[in-house]
1. Just for the stretch 270-316: of the residues that are of a type in the set (Ser, Thr, Tyr) and within 11 Å of the chain's Cα centre (by Cα), which one is surrounded by the fewest Cβ atoms within 10 Å (Cβ to Cβ)?
2. Filter the stretch 244-291 for residues that are of a type in the set (D, E, K, R) and in a helix (DSSP H, G or I) and give the result.
3. Considering only the stretch 1-101, give the helices (runs of 4 or more DSSP H) lying wholly within it that have at least 1 residues that are of a type in the set (Lys, Arg) and open to solvent by 20 Å² or more (accessible area, probe 1.4 Å).
4. Restrict the check to the stretch 35-44 and report whether at least one residue is of a type outside the set (D, E, K, R), under 21 Å from ASP94 (Cα atoms) and in contact (Cβ under 8 Å) with a residue 60 or more places away in the chain.
5. I'd like the residue in the stretch 102-117 that is surrounded by fewer than 23 Cβ atoms within 10 Å (Cβ to Cβ) and not hydrophobic (A, V, I, L, M, F, W, C) and, out of all such residues, is nearest to SER249 (Cα to Cα).
6. Has the stretch 233-240 got any residue that is hydroxyl-bearing (Ser, Thr, Tyr) and buried (at least 21 other Cβ atoms within 10 Å of the Cβ)?
7. Pairs only if they're at least six apart or on different chains, beta carbon under 6 angstrom, first in the stretch 190-207 and over 15 Å from LYS241 (Cα atoms), second open to solvent by less than 30 Å² (accessible area, probe 1.4 Å) and at pLDDT below 80; list them, first residue then second.
Amino acid sequence: MASSQGSHGTVKPATHFDAEADAAALRKAMKGIGTDEAAIIHIVANRSNAQRQDIRLKFKLLFGRDLMADLHSELGGHLRTTVLALMEPKAVYDAQCLRNAMKGLGTDESVLIEVLCTRTNQEIKDIVAAYKTAFPGRDLEKDVMSETSGNFKRLLVTMCQGARDESPSVDHEKAKREAQELFSAGEKQWGTDESKFNFIIGSRSIPQLKATFDEYTKIAQRDIFSSIDREMSGDLKKSFKTVVQCAYSRPAYFAERLYYSMKGAGTDDSTLVRVVVSRSESDMVEIKQKFLELYHKTLGTMIEGDTSGDYRKLLLAIVGPH
């Protein structure tokens, strides 16, 4: 969606990178009896995704072994899930998350919303291509269509196109006009014309949406969030709210996802891992700032209290110091 200009990851490429040395160190960490988890964590948390792909290739060239298969057999639990997630190319990992959300009985709509409603056009195009390659004979858009219905399906199909306007300029007259159209499609009439919401929220640029939502508040005397709350329900409401939240602050949206993955009894580890891994190189610095602003504690402190062992060490190594 919004460009990641001015956004910063906590994971940076290693400066004196040596894929061969890293591959050898990983082999040593897994060879023989026992596994040196600390060595594995140190390497995967301190290399960029592109560097990890080099390590995978070097590992195969040097040892004739598949690094992913070795990591899978040597590690377990949430540590294994997180390490394997970090080792996949970003688009492949997103594609896997989407597939896992749709396969088998039931669909995890929250994952579809989190991935499809927050990525840039280029990221969406990469995910669509990766999905085709990773799952031969499958097509992301077709799978989304068969797993969802109604206006929610229509919005996700719009998102699958990766065709949001990405120009930085704002047309203020259009913002006023479209704010009025949103108002007329929702608050002003019985029943809501979701297709109007779908078109505007699904296709306009992020700066344009922001301007439209500001105009909407003037017309409706309430913000777009409360109108969506009043007018819509279920997954459609969640998906529209996600786009609106990301228009104002994508890091705040992800900070909220992280907070609720750990709040209360139990931990939603799949959301925790997915957000930490997928944002580690894009905007985790800003997410941590928003987390502190919104919840008055650091993300690291909450991870520390909610996780344990090597899994905790790896998550903390990725999100960086408090």
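1. THR271
2. Passing the criteria: ARG250, GLU256, ARG257, ASP269, ARG274, ARG279, GLU286, LYS288, LYS290.
3. Those helices (runs of 4 or more DSSP H) span 19-30, 49-63, 77-87.
4. Yes: one or more hits.
5. Top of the filtered list is SER110.
6. Yes - at least one qualifying residue is present in the stretch 233-240.
7. These pairs meet every condition: THR192/GLY186.
For (1) over 27 Å from PHE254 (Cα atoms); (2) crowded, with 19+ Cβ neighbours inside 10 Å; (3) in contact with a Lys or Arg (Cβ under 7 Å, 6 or more places away or on another chain); (4) at pLDDT 95 or above, each residue gets a yes or a no:
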residue: ASN151; (1), (2), (3), (4): no, yes, no, no
residue: LEU182; (1), (2), (3), (4): no, yes, yes, no
residue: ALA185; (1), (2), (3), (4): yes, yes, yes, no
residue: ILE201; (1), (2), (3), (4): no, yes, no, no
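The values are calculated or read from the model by the stated rules, or taken from the named source; none is laboratory data. Keep in mind the model is a prediction, meaning the values are calculated, not measured. Backbone-built Cβ (ideal geometry, glycine too); neighbour counts: all protein chains shown. Protein only, heavy atoms only, side chains kept; ligands, DNA and RNA dropped before computing areas. Shrake-Rupley method; radii C 1.70, N 1.55, O 1.52, S 1.80 Å.
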